[in-house]
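Asks: To start, I am sharing the structure in question, which I have written as structure tokens.
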Amino acid sequence: MNGILHLGHAFTLTNAEFAAGYQRLKVKNVLFPFGFHCTGMPIAACAQKIREEISHFGNPPQFPKEEQEDGKEKEETKEKNKGEEKKDEEKVKKKAKVNAKKSTRKHQWKIMYDFGLTDKEISSFGDPISWLKYFPKRGMEHLQRFGLKTDWRLSFITTDSILTIVHSLSGNSNTWKN
């Protein structure tokens, strides 16, 4: 889990919750824990991007304005070219799906800022463990507001040990403590 939850999560969970609720109505014991799958390598890569952005642009970073303007010009060019391109239906569907997953932001810092984080909070995400401490907790809050009826006492994070391995392989000498 390296971001905030979205409508797709709610849709998928609704199916599982409906099945669990139906079994509860049939007076069956239902085990419905919740696991937060925090992907080790993508989190480590995003943390590295944050550290690099702080190293290159300061904390909080002051990104060059020409980079921001170049990004806007490229987007405008892409929009113009979209109308001119003729592709078969499968390629168009695939391209739309890929583009929907891409962020329009160039820098990891700006992506995190879009999540509603402050500059001080974002700088802490240079440590991959911060991702494990922040996003599952925030996800749990969102799921509780959504009304997910799960046994939160049994919730877990799937990748604590994997991040420790990634950390040790990266050569970082700091120790991580939960």
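Asks: Please specify each residue of region 23-46 satisfying the condition of being over 19 Å from D151 (Cα atoms) and either outside any loop (DSSP other than H, G, I, E, B) or modelled with pLDDT of 90 or more (or both).
Replies: Scanning region 23-46 gives G40, M41, P42, I43, A44, A45, C46.
Asks: Sort out which residues of region 1-17 are surrounded by fewer than 10 Cβ atoms within 10 Å (Cβ to Cβ) and not in a loop (DSSP other than H, G, I, E, B), and write them in order of number.
Replies: Going residue by residue through region 1-17, those that are surrounded by fewer than 10 Cβ atoms within 10 Å (Cβ to Cβ) are 6-8, 11, 15.
L7, G8, F11, N15 - these are the residues of region 1-17 that are surrounded by fewer than 10 Cβ atoms within 10 Å (Cβ to Cβ) and not in a loop (DSSP other than H, G, I, E, B).
The values are calculated or read from the model by the stated rules, or taken from the named source; none is laboratory data. Predicted, not measured: the structure shown is a model, and the values here were computed from it. Virtual Cβ from ideal backbone geometry, glycine too; neighbours counted across all protein chains shown.
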